[in-house]
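Asks: Let me begin by handing over the structure; questions about it come next.
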Amino acid sequence: MAVSINTEIKPFTADAFYQGDFVKVSDADLKGKWSVVFFYPADFTFVCPTELGDLADHYEELQKMGVEVYSVSTDTHFTHKAWHDSSETIGKINYYMVGDQTGTITNNFGVMREGQGLADRATFIIDPQGVIQAIEVTAEGIGRDASDLVRKIKAAQYVAAHPGEVCPAKWQEGEATLAPSLDLVGKI
């Protein structure tokens, strides 16, 4: 992978289908707020619509958390519109569906499948400074869970707002966090 945690996203510009319109998006749009860049292999496939539909079901909650979502595949924005118009599951999407037919964004994030022209299943949580805070990549047949993504974003936002604290495994909003110190070594 060409990117890693705590690196800034690379510049890009692309066309997207968003709430009934074609719009331009760029790396600048991701700055100033929390963002999720959600790569998937292709429109009109099998696991992809289940993931995108699950994400659509959590979009309102993500918006309340100040998070914008950008789904990305190497399909065009025209194909995204056609899929949105023809599928009940995809029709409920209100977040950005970015067309990356040149592969620029997919390559910038290091998730292009060599020789295939398709993105891996990859999720990036990006902070308001445009810095990657979390990366998840799964194999072709393994769909992602938007509720766990929401949990991870809440943890990332908490840690960003509370320097010196960390969120343990399975942390849920409102639960105890840890303050790493010499006193905790060997006691967890």
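Asks: Of a type outside the set (Asp, Glu) and within 24 Å of Ala139 (Cβ to Cβ): which single residue out of Val67, Val47 fits that description?
Replies: Of Val67, Val47, the one residue that is of a type outside the set (Asp, Glu) and within 24 Å of Ala139 (Cβ to Cβ) is Val47.
Asks: Taking Asp54 as the residue in question, decide whether it is of a type in the set (Asp, Glu) and farther than 22 Å from Pro11 by Cα.
Replies: So Asp54 fits the description; yes.
Asks: Report every pair of residues separated by at least 6 positions or lying on different chains whose Cβ atoms are under 7 Å apart, first residue within the range 140-168 and closer than 19 Å to Asp57 by Cα, second in a helix (DSSP H, G or I) and open to solvent by 60 Å² or more (accessible area, probe 1.4 Å).
Replies: Partner pairs satisfying both residue conditions: Gly143/Thr50; Ala146/Asp57; Val150/Glu61.
Asks: Of all residues in the range 73-93, how many are among the hydrophobic types (A, V, I, L, M, F, W, C) and crowded, with 20+ Cβ neighbours inside 10 Å?
Replies: Going residue by residue through the range 73-93, those that are among the hydrophobic types (A, V, I, L, M, F, W, C) are 78, 82-83, 90, 93.
Filter again for crowded, with 20+ Cβ neighbours inside 10 Å, leaving 83, 90, 93.
Number of matching residues: 3.
Asks: Please return the ranges of helices (runs of 4 or more DSSP H) entirely within the range 78-172 where 3 or more residues are among the β-branched types (Val, Ile, Thr) and farther than 19 Å from Met65 by Cβ.
Replies: 104-108
Asks: Hey, can you tell me all the residues within the range 160-178 that are open to solvent by 60 Å² or more (accessible area, probe 1.4 Å) and touching an Asp or Glu at 6+ places or on another chain (Cβ under 8 Å)?
Replies: The answer is Ala160, and nothing else.
Asks: Considering (1) in contact with an Asp or Glu (Cβ under 7 Å, 6 or more places away or on another chain); (2) surrounded by 19 or more Cβ atoms within 10 Å (Cβ to Cβ), say which one Ala42 fails and leave the rest.
Replies: All conditions are met except number (2).
Asks: Of the residues Tyr96, Tyr70, which is surrounded by fewer than 23 Cβ atoms within 10 Å (Cβ to Cβ) and not hydrophobic (A, V, I, L, M, F, W, C)?
Replies: Answer to the check: Tyr70.
Asks: While we're here: Condition first: open to solvent by less than 50 Å² (accessible area, probe 1.4 Å) and acidic (Asp, Glu). Now tell me which residues in the range 99-144 satisfy that.
Replies: Once the filter is applied, which keeps residues that are open to solvent by less than 50 Å² (accessible area, probe 1.4 Å) and acidic (Asp, Glu), the range 99-144 yields Asp100, Asp120, Asp127.
Asks: Under 9 Å between Cβ atoms, at least 6 apart or on separate chains: pull out the pairs that start in the range 10-23 with a residue that is closer than 15 Å to Thr76 by Cβ and end on any residue that is of a type in the set (Lys, Arg) and open to solvent by 90 Å² or more (accessible area, probe 1.4 Å).
Replies: Thr13/Lys24; Ala14/Lys24; Asp15/Lys24; Ala16/Lys24
The values are calculated or read from the model by the stated rules, or taken from the named source; none is laboratory data. Bear in mind that the values here come from a model prediction, so they are computed numbers and not experimental data. Please note: Cβ atoms are built from the backbone with ideal geometry, for glycine as well, and neighbour counts cover all protein chains shown. Just so you know, the surface numbers come from the protein's heavy atoms only, side chains and all, with ligands and any DNA or RNA stripped out. Shrake-Rupley method; radii C 1.70, N 1.55, O 1.52, S 1.80 Å.
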